[in-house]
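Worksheet: one structure, shown below.
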Amino acid sequence: MNADVFFMDLKATSKENLPQKLSRLVKRAGIKTILKKNDLTAVKIHFGEKGNTAYIRPVFIRQIIETIKEYRAEPFLTDANTLYAGTRSNSVSHIHTAIENGFSYSSMDATPIIIADGLRGKNTTKIKIDQKNCKHVYIGSEIIDSDALVSVAHFKGHELSGFGGTLKNIGMGCASRKGKLDMHSRVSPRIRRKTCIGCAQCADHCPVTAIKLKKNEKREKKAYLDPKKCIGCAECIVRCPTDSVKINWNQTIPVFLEKMMEYTLGVLKNKQDKSLFINFITDIAPKCDCLPYNEAPIVDNIGVLASTDPVAIDQASADLVNKQKALPGSVLKTNLEPGKDKFKGLYPDVDWEYQLDYAQNLGLGSRKYTLINLQTLSYKKSFSNKP
């Protein structure tokens, strides 16, 4: 059976601006059905790393919050701390970064920011799932303790999963630091010293000092990794300017994707019929918003999707991106034509469809969907807030 995925483009009129249109999309997708009065509702977003500008604009998040409040639920903004060393690795710097990026108490309609796994990422709830890779998963407790969940994801490319959307926002994003370490534990890279330039980017950003610079027989400084210390956070991969940090993709990435889907299962275990998923297919950067910068988008802005099916919304998002013609000037150099796989063009070693198949087999949702286009209100029609 096809899942319903609701789509809004980025056209607006004098009678309905984009935030108002977004509210209508969220209502049409069924937010009323997941909320009850006084529900403590986790709005799971990515606040963006300091220096990154591709994350979802705060004005849209505020509109989602206002829509939730229409149903007398009580929303709070949340994310879990990062595994890598950055500006979001503990609650204090995480909240500072969120505020600097525009998610302040005043701009968010007096909605609090609550970091899901606590001050240092140790506020975790162990959830039993008994799956192939994980018997238990470790999720930020505040998300587990919430009554309802609204996931708002920025859809973009990703170095390890091909793309990042709803499933990654939930599976990876809601995991505590212990859970993130569990998912990354087999992502142990190797360094190709022939192309290493000894810039120390990998060593400087390794959270456990598993990488050090040493002189080789030619007295050249090269990076060396201690696999016993490595926690598999993959920070070195995204930091290396010469692509000298490599992963055994065929063995480690499928397991990583499986674990991420199993963690998604754990997050949603107590949220049956209490979750809504939203994907912003805008500013479609080639890499994750966890980087302290973002590169040029790979295709034009497309729109926003909403659904109660986390698998269908990611499948639909990927399909919409792949239908586009690539923009000139981005890092994408192959698969530029409409209909070509943009994510394979970015990361040829990552089978991004594998995660969708695995999620479907776990019962998380369906890859088959019906795309329902939310029509732009004409200037001749009056605008109504009714769903």
Which listed residue is in the same structural domain as Phe280 (by TED's automatic domain parsing), on the phi > 0 side of the Ramachandran plot and more than 19 Å from the chain's Cα centre (by Cα), from Arg72, Arg24, Arg28: Arg72
Would you call Gly157 crowded, with 23+ Cβ neighbours inside 10 Å and either within 18 Å of Val238 (Cβ to Cβ) or free of Cβ contacts under 8 Å to residues at least 60 places away in the same chain (or both)? yes
Residue set Thr370, Thr334; condition surrounded by fewer than 16 Cβ atoms within 10 Å (Cβ to Cβ), β-branched (Val, Ile, Thr), under 28 Å from Asp273 (Cα atoms) and modelled with pLDDT of 95 or more; output residue Thr370
Given the range 201-301, what strands (runs of 3 or more DSSP E) lie entirely inside it while holding 3 or more residues that are crowded, with 21+ Cβ neighbours inside 10 Å? 275-281
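Give the residue, chosen from Ile95, Ile34, Ile61, Ile45, that is surrounded by 17 or more Cβ atoms within 10 Å (Cβ to Cβ) and without any contact (Cβ under 8 Å) to a residue 40 or more places away in the chain. Quick ask: steps written out before the conclusion?
Details: Ile34 fails: without any contact (Cβ under 8 Å) to a residue 40 or more places away in the chain; Ile61 fails: without any contact (Cβ under 8 Å) to a residue 40 or more places away in the chain; Ile45 fails: without any contact (Cβ under 8 Å) to a residue 40 or more places away in the chain.
None of the other options fit; the residue is Ile95.
Looking at Asn294, Asn322, can you tell me which residue is assigned by TED's automatic domain parsing to the domain that holds Ala153, touching a helix residue (DSSP H, G or I) at 6+ places or on another chain (Cβ under 6 Å) and in contact (Cβ under 8 Å) with a residue 12 or more places away in the chain?
Asn322
In the range 65-106, how many residues are farther than 25 Å from Ala29 by Cβ, small (Gly, Ala, Ser) and assigned to a loop (DSSP other than H, G, I, E, B)? Lay out the reasoning, then the answer.
To start, the set of residues in the range 65-106 that are farther than 25 Å from Ala29 by Cβ comprises 81-101, 104-106.
Narrowing further to those that are small (Gly, Ala, Ser): 85-86, 89, 91, 93, 98, 104, 106.
If we keep only those that are assigned to a loop (DSSP other than H, G, I, E, B) as well, we get 85-86, 89, 104, 106.
Total meeting the criteria: 5.
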Go through the residues of the range 354-366 one by one and say whether even a single one is charged (D, E, K, R), at pLDDT 95 or above, closer than 30 Å to Ile129 by Cα and surrounded by 15 or more Cβ atoms within 10 Å (Cβ to Cβ). no
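The values are calculated or read from the model by the stated rules, or taken from the named source; none is laboratory data. Every value quoted in this text rests on a predicted model; they were computed, and no experiment measured them. Ideal geometry is used to build each Cβ from the backbone, glycine not excepted, and the neighbour counts take in all protein chains shown.
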